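Asker: Have a look at this one before I ask anything.
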């Protein structure tokens, strides 16, 4: 494994770092102000302006692991990792570069599984950043970490499918720019193979019967203007041509989508934790308690050292998983993806918790990014599969491989 940055990545990294310094960090407070003003679910003017600037500078769709015409530089997962880490330092920064969830996963689904007509209608405007999307899989009434539990009904009726069900944690669905939902439901609930019961279908956000009932808050944060919605599908009728790949292929699509999505979360969390460590160091050097800087306290030094070790461990495991994905595909990297999905969110939570503690009361208020960052990191221990499911499957795979 060679984790040295290629000249291409060195150039992109240099330009991305400059963009963050010039346009993202100085505007964090302004972003929050604009979101708080007026309609929280409309894109703030700042975000729209920055997206145009990023696109003009060629810092756009960096996540796509294959070249997609004019829309993507065609980076590998390993090449993308250090760039995602930089973007992850600010919770909303990845959207500026059209590299934010759930759109990245949805674009990968459309690029990999969509028909030419579906790609023209939905993928092209997503790649251009003209619209946003939502992924509707999790349901409030069943344990959705087992995707075979999904109950949403998708029944064929002539040339249409009729969809009935309730979803939640549909990130992106609250925003006014969300124009399409990728919905997972059951088209063949009686199939003896429970992994062939599910399908995925494209549902326009403005289709009759689609109702965004409420945004769900994460430790009090509503994460506007994207949000995490509870969505009801009440006799929603869409053309059969909106089905992705074919009936019974939903579980297959979900696995193909979630592999890259999981590692992207981990890439960003490494960056978020790194920023928290840097903030902890600054605070420790500049804050005086009991007559000397906090950095003179042995317990604080240990927290800094421990955090640095854990971040570097997670960074290296992320890079190894990305490298395996590039060389062998997502299936070959499934165990490493599971490992980093277990390791990175917990690591970020621990580092952020230490940074909050070193900041004292300031760490839990809105004057620093740490409290909101902790809420986001803690959520990723559940998003795209909870820790326990990944550990269960990883342990099963490792035990089976030993025989």
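Asker: Checking the condition surrounded by fewer than 20 Cβ atoms within 10 Å (Cβ to Cβ) and modelled with pLDDT of 95 or more, which residue from 84, 93, 36, 29 passes?
Answerer: Answer to the selection: 29.
Asker: Test residue 393 against the stated conditions and say whether it is surrounded by 14 or more Cβ atoms within 10 Å (Cβ to Cβ), closer than 24 Å to residue 168 by Cβ and over 19 Å from the mean Cα position of the chain (by Cα).
Answerer: The answer is yes for residue 393.
Asker: Which is part of a helix (DSSP H, G or I), buried (at least 22 other Cβ atoms within 10 Å of the Cβ) and touching a helix residue (DSSP H, G or I) at 6+ places or on another chain (Cβ under 9 Å), of 12, 47?
Answerer: Selected residue: 12, the only one of 12, 47 that is part of a helix (DSSP H, G or I), buried (at least 22 other Cβ atoms within 10 Å of the Cβ) and touching a helix residue (DSSP H, G or I) at 6+ places or on another chain (Cβ under 9 Å).
Asker: Mind listing whichever residues of region 128-155 are touching a helix residue (DSSP H, G or I) at 6+ places or on another chain (Cβ under 7 Å) and not in a loop (DSSP other than H, G, I, E, B)?
Answerer: 132, 133, 135, 147, 148
Asker: Residues 153, 144, 171: which one is at negative phi and without any contact (Cβ under 8 Å) to a residue 24 or more places away in the chain?
Answerer: Only one candidate qualifies: 144.
Asker: A further question on this structure: From 375, 355, grab the single residue that is in contact with a strand residue (DSSP E or B) (Cβ under 7 Å, 6 or more places away or on another chain), assigned by TED's automatic domain parsing to the domain that holds residue 288 and either over 20 Å from residue 82 (Cβ atoms) or surrounded by fewer than 20 Cβ atoms within 10 Å (Cβ to Cβ) (or both).
Answerer: Unique residue meeting the criteria: 375.
Asker: In region 55-71, which residue that is part of a helix (DSSP H, G or I) and closer than 22 Å to residue 179 by Cα is modelled with the lowest pLDDT?
Answerer: 71
Asker: Out of region 229-268, which residues are in a loop (DSSP other than H, G, I, E, B), under 18 Å from residue 111 (Cα atoms) and touching a strand residue (DSSP E or B) at 6+ places or on another chain (Cβ under 6 Å)?
Answerer: Once the filter is applied, which keeps residues that are in a loop (DSSP other than H, G, I, E, B), under 18 Å from residue 111 (Cα atoms) and touching a strand residue (DSSP E or B) at 6+ places or on another chain (Cβ under 6 Å), region 229-268 yields only 244.
Asker: If you don't mind, another one. From the list 272, 294, 316, 277, exactly one residue is farther than 23 Å from residue 145 by Cβ, at pLDDT 95 or above and surrounded by 24 or more Cβ atoms within 10 Å (Cβ to Cβ). Which is it?
Answerer: 272
Asker: Something else about it: If residue 376 satisfies all but one of (1) farther than 14 Å from residue 219 by Cα; (2) touching a helix residue (DSSP H, G or I) at 6+ places or on another chain (Cβ under 8 Å); (3) assigned to a helix (DSSP H, G or I), what's the number of the condition it fails?
Answerer: Only one criterion in (1) farther than 14 Å from residue 219 by Cα; (2) touching a helix residue (DSSP H, G or I) at 6+ places or on another chain (Cβ under 8 Å); (3) assigned to a helix (DSSP H, G or I) is unmet by residue 376, namely (1).
Asker: Could you list all residues from region 192-241 that are under 19 Å from residue 147 (Cβ atoms) and exposed (fewer than 13 other Cβ atoms within 10 Å of the Cβ)?
Answerer: 192, 193
The values are calculated or read from the model by the stated rules, or taken from the named source; none is laboratory data. Please read all numbers here as calculations on a predicted model, not as lab measurements. Here Cβ is always computed from backbone atoms with ideal geometry, including for glycine, and neighbour counts include all displayed protein chains.
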